[in-house]
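Heads up: the structure comes next, in structure tokens.
Nothing in this text is a laboratory measurement; each read-out follows from the coordinates by a stated rule. Keep in mind that this is a model prediction, so the values were computed, not measured. FYI the Cβ positions are ideal-geometry reconstructions off the backbone, even for glycines, and counts take in every protein chain you see.
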Amino acid sequence: MTLSVDIELKLGDFTLATRFESGGANAGGAGGVTALFGESGVGKTSIVNAIAGLLRPDAGRIALDGAVLFDAAARVFVPAERRRFGYVFQEGRLFPHLSVRRNLLFARWFDKADHAPDEFAHVVELLGLEPLLERRPALLSGGEKQRVAIGRALLARPRLLLLDEPLASLDAARKEEILSYLVRLRDELSIPMIYVSHSVEEVTRLASNVVVIADGRVTAVGPVGQVLPQKAPDYNAVSQSVESQ
Amino acid sequence: MLTPEEWQVILLSLKVAFWSVTLSLPFAIAIAWLLARTNFPGKSLFDAVVHLPLVLPPVVVGYFLLLSLGRKGPIGELLYTWFGITVVFTWMGAVIACAVMGFPLMVRAIRLSMEAIDPKLEQAARTLGAGGLARFFVVTLPLALPGVVTGMLLSFARSLGEFGATITFVSNIPGQTRTLPLAIYTLTQVPGGDEQALRLCAIAVVLSIAALLVSETLVRRASRRVLGYDAVGRH
């Protein structure tokens, strides 16, 4: 899987120009995780929204394995509902009027394809969702909500899974819990992932490749081990090291 | 306890209110959605036109209806020549008058509850493959349900109380267009009608309170359904 992104987004009074390729030969693992790394407010969410098709860039091109999803020059724009990209948002965004089970099966209503009979059971088992199935989202903890959100995205049989700071609103213990689930997904499923984060620790644990974004553009792309310095505590340390290279 | 004339008035009022709510509901939902979720040139003008019955004197609305839907009016003439339908001076005309008068209230309640829905939920639905119409029926409309119920009540109450537009458009015909307020008005115009008028006033109070209680219960149930707190008891 190769996702190529070369877009320009006007965000308020500044323009975000992004150009990178994720996946390909050096992705490592079956699916591979590419991290979008950068400080808060740098526009990472807008880039992911553009990849998902929720936001139309002002210029450029987005393609997955050669299939064009967006091309400003050719006026091509495949809307989000036809991209089949799973998206796990920062805040879960579960449907409050539906039970956990119905949230998980939401995408089935619009997906006429045949499903493997054990697909649902597998995802439920993978994320430990069995005891939550009949509950409503309002009564779930933050960590439980994120697990359901991940399961819901997986059951849409995504070609690519987008995760936008899925741990941001969780406390340290929940972060660790969800992170270990994500590592498990990475190793057991062959779905490529784009993982947005400003945490070096999360990126190092999860991703094989990283795209560093600063000052409205991509400042570095490559394997995590090469781009991110070992034991960098936070974004600022990384950004200094990237500049000195 | 109630005289046959009183029953006639009550049943006619309920029939008119029921049909006016039922007929305006789909249009009100569609227009509420347009106002809450879309932008188009001339939207503020459109919004103002939708709200017009709320601010115009009801007699003016009734007179406009008479001019356009009367036998000689542009729409009324078509209705008559194509379908042989005359709405003026019939209970169907009363339904139209009440529907028009209650329409802005209904649209407003539904629109407010749609605007309160986080658009991020609709975005999430998109990433899960839900196209426009599916998204509306599976996410937006169910979440707006409390507002829909409130809007139905407001329009129902407006219909029960409608006077000016009805009497101007369809007149005051017993059994056809003489709804509760018109009947009360008629009784206050005849000598010695006070006692009967007061009886009808009491009935109006009872009907309004009943409608309010029913809708309170429905709204509470709908909100609990939407927010998912009904599971509290079970866990």
Looking at B:Phe40, B:Phe18, B:Phe27, can you tell me which residue is aromatic (Phe, Trp, Tyr), loosely packed, with under 15 Cβ neighbours inside 10 Å and not in a helix (DSSP H, G or I)? B:Phe40
Please go through region B:122-133 and pick out each residue that is in contact with a helix residue (DSSP H, G or I) (Cβ under 6 Å, 6 or more places away or on another chain), at the interface with another protein chain (Cβ under 7 Å from one of its Cβ atoms) and in a helix (DSSP H, G or I). B:Arg126, B:Thr127
When you check A:Ala107 against the structure, is it closer than 24 Å to A:Val183 by Cα, within 12 Å of another protein chain (Cβ to nearest Cβ) and of a type in the set (A, V, I, L, M, F, W, C), yes or no? yes
How do the pairs read when you match residues in region B:159-175 that are without any contact (Cβ under 8 Å) to a residue 60 or more places away in the chain with residues anywhere that are surrounded by fewer than 24 Cβ atoms within 10 Å (Cβ to Cβ) and assigned to a helix (DSSP H, G or I), using Cβ under 7 Å and keeping only pairs 6 or more apart or on different chains? B:Gly161/B:Pro181; B:Asn172/B:Leu182; B:Asn172/B:Thr186
Going through region B:132-159 in order, the residues found to be among the basic types (Lys, Arg) and crowded, with 22+ Cβ neighbours inside 10 Å are B:Arg158
Would you pick out the residues in region B:100-118 that are closer than 16 Å to B:Val226 by Cβ and either touching a residue at least 40 places away in the same chain (Cβ under 8 Å) or in contact with a Gly (Cβ under 9 Å, 6 or more places away or on another chain) (or both)? B:Ala109, B:Ile110, B:Leu112, B:Ser113, B:Met114, B:Glu115, B:Ala116
Somewhere in region A:136-155, is a residue at the interface with another protein chain (Cβ under 9 Å from one of its Cβ atoms), surrounded by fewer than 22 Cβ atoms within 10 Å (Cβ to Cβ), over 21 Å from the mean Cα position of the chain (by Cα) and not in a helix (DSSP H, G or I)? no
What are the pairs, 6+ residues apart or on separate chains, where a residue within region B:61-73 that is on the phi < 0 side of the Ramachandran plot has its Cβ under 6 Å from a residue that is of a type in the set (S, T, N, Q)? B:Gly62/B:Thr168; B:Tyr63/B:Thr168
Sole residue being more than 18 Å from B:Ile110 (Cα to Cα), of a type outside the set (Asp, Glu) and assigned to a helix (DSSP H, G or I), chosen from B:Leu54, B:Leu67: B:Leu67
Subset of region A:116-135 that is in contact (Cβ under 8 Å) with a residue 12 or more places away in the chain, in a loop (DSSP other than H, G, I, E, B) and surrounded by fewer than 17 Cβ atoms within 10 Å (Cβ to Cβ) - its residue that is farthest from the other protein chains (Cβ to nearest Cβ): A:Gly128
Conditions: (1) within 14 Å of chain A (Cβ to nearest Cβ); (2) assigned to a helix (DSSP H, G or I); (3) touching a Phe, Trp or Tyr at 6+ places or on another chain (Cβ under 8 Å). B:Ser113 meets all but one. Number of the miss? (3)
